[in-house]
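**Student:** Quick one: the structure is below, and I'll ask about it shortly.
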Amino acid sequence: MAKFLIVEARFYDHLNDMLIEGATDALKAVGHEHEVITVPGALEIPGAISLAIDSDLYDGFVAIGVVIRGETYHFEIVAGESARGIMAPVDGWRGDRQWYHHRRE
């Protein structure tokens, strides 16, 4: 059993509620534990994951944020930078734990 941290950027409550429910249901279904923390927006998700990696309390992370395309360039900046920021600390995480993919059989 692994322990996961779900980091959610709570900006669109109704959408986040559905995403959190799906993530927690999936983790519970395979016997994993989880905690949920909330950050103000998608750009704060990478920092929270980076701090959590340093804590060595979690085996994996789930990032949940909803970024909706509007009429400005804001979407591209927020979506692109949050994704880049999430991958940066993960790419550098080389502790005793190994990433794995759960496949349904």
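Laboratory data are not the source of any read-out in this text; all were calculated from the coordinates shown. The shown structure was predicted, so the numbers you read here are calculated from the model rather than taken from an experiment. A quick note on method: Cβ atoms are made from the backbone with ideal geometry, for glycine too, and the neighbour counts reach across all protein chains shown.
**Student:** Can you list residues whose amide H is under 5 Å from His34's amide H, if they're 5+ apart or on another chain and H is modeled 1.01 Å from N?
**Tutor:** Phe4
**Student:** Sort 40-47, 60-67 by the packing proxy (mean of other Cβ within 10 Å over each peptide's residues), most packed first.
**Tutor:** Answer by packing, highest mean first, reads 60-67, 40-47.
**Student:** A further question on this structure: Quick check: from the Cα gyration tensor, does the range 3-91 come out rounded (a/c under 1.5), prolate or oblate? Intermediate values should be presented prior to the final figure.
**Tutor:** Numbers: a/c = 2.41, a/b = 1.35, b/c = 1.79.
Because a/c hits 1.5 or more and a/b fails to exceed b/c, the range 3-91 counts as oblate.
**Student:** Using the basic label-point model (7 angstrom from Cα toward the beta carbon), what is the Glu44 to Tyr12 distance in nanometres?
**Tutor:** In this crude label model, Glu44 to Tyr12 measures out at 1.9 nm.
**Student:** Quick check on the exposure proxy: order Tyr73, Tyr58 from fewest to most C-beta atoms within 10 angstrom. Don't jump to the answer; show the numbers that get you there.
**Tutor:** Values: Tyr73 8, Tyr58 18.
Going from sparsest to densest Cβ surroundings: Tyr73, Tyr58.
**Student:** Net charge around Ser82, counting only other residues with Cβ within less than 13 Å of its Cβ (Lys, Arg = +1; Asp, Glu = -1)? It would help to have the intermediate numbers written out before the result.
**Tutor:** On the way: positive: Arg84; negative: Glu8, Glu44, Glu76, Glu81.
Once all neighbours under 13 Å are counted, the net charge is -3.
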